[in-house]
1. Looking at segment 65-81, which of its residues are out of contact with any Phe, Trp or Tyr (no Cβ under 6 Å at 6 or more places or on another chain), in contact (Cβ under 8 Å) with a residue 40 or more places away in the chain and not small (Gly, Ala, Ser)?
2. Looking at this structure, is THR43 surrounded by 16 or more Cβ atoms within 10 Å (Cβ to Cβ), more than 15 Å from the chain's Cα centre (by Cα) and assigned to a helix (DSSP H, G or I)?
3. Among residues belonging to segment 121-148 that are of a type in the set (Phe, Trp, Tyr) and either surrounded by fewer than 16 Cβ atoms within 10 Å (Cβ to Cβ) or modelled with pLDDT under 85 (or both), point out the one that is nearest to HIS163 (Cα to Cα).
4. In segment 24-32, is there at least one residue being part of a helix (DSSP H, G or I) and closer than 30 Å to PRO148 by Cβ?
5. Of these, TYR21, TYR52, TYR105, which one is free of Cβ contacts under 8 Å to residues at least 40 places away in the same chain and aromatic (Phe, Trp, Tyr)?
Amino acid sequence: MNQVFQVTTLRYNAADNSVIYLVVTIVHLKAGPLNRWTRKRQTSQVAEILAYKKDQYLKIPGMKEDNIGIIVCGDFNEVPNTSPIQQLTENKSLNLNSLFDDAKYTVYHIFGLIMGITLPFGITLPYKDVVDFVLYSPNLFPTKKVLPPTDEEVGPNGLLSGHYPSDHLSLYCEFSFAN
């Protein structure tokens, strides 16, 4: 299996002598309409590892749940309110929120001038949807968020273009801890 996700933990010693852990995970789940079950399984693995890491940090004497932050971001190749996304946002141990719920799309394919063609599995060109996410724990607060560009800014040819060198839009944000 190709790269699915990477997890790293950042440790910060705060001025009040407390320790803060930030667990950051990037994902790139298997693409394609026939791989829904694979994406669900991949996301289940991500959720299991994050819950395990969180439980391990909570075993440290004096550690508070508020001092453990979690961020999961990347290309899920799934749209909002599907099982892989819900496995993270509805997981009681993780309780992650989605930051870019107001994005109209993060991927926009027209494949040149081909428009209105129906592909297998009900995919129609042009294809616009949200498939990239930034999910975060409730003890993190977004302090900066840059919304994806408008249709006018992207232009009539969709993504990949001279101004947007990827078929996915970047999601940029900054967080601070509740402490």
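The values are calculated or read from the model by the stated rules, or taken from the named source; none is laboratory data. Being a predicted model, the structure only gives us computed values, none of them experimental. Cβ atoms come from the backbone with ideal geometry, glycine included; neighbour counts cover every protein chain shown.
1. Listed by number, the residues that qualify are GLU65, ASP66, ASN67, ILE70, VAL72, CYS73, ASP75, ASN77, GLU78, VAL79, PRO80.
2. Numbers: surrounded by 16 or more Cβ atoms within 10 Å (Cβ to Cβ): yes; more than 15 Å from the chain's Cα centre (by Cα): no; assigned to a helix (DSSP H, G or I): yes.
When the stated conditions are applied, THR43 does not pass them.
3. TYR127
4. No.
5. Details: TYR21 fails: free of Cβ contacts under 8 Å to residues at least 40 places away in the same chain; TYR105 fails: free of Cβ contacts under 8 Å to residues at least 40 places away in the same chain.
Answer to the check: TYR52.
Matching residues to (1) farther than 15 Å from MET63 by Cα; (2) more than 13 Å from the chain's Cα centre (by Cα); (3) surrounded by fewer than 16 Cβ atoms within 10 Å (Cβ to Cβ); (4) β-branched (Val, Ile, Thr):
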residue	(1), (2), (3), (4)
ARG11	no, yes, yes, no
SER18	no, yes, yes, no
TYR21	no, yes, no, no
LEU29	yes, no, no, no
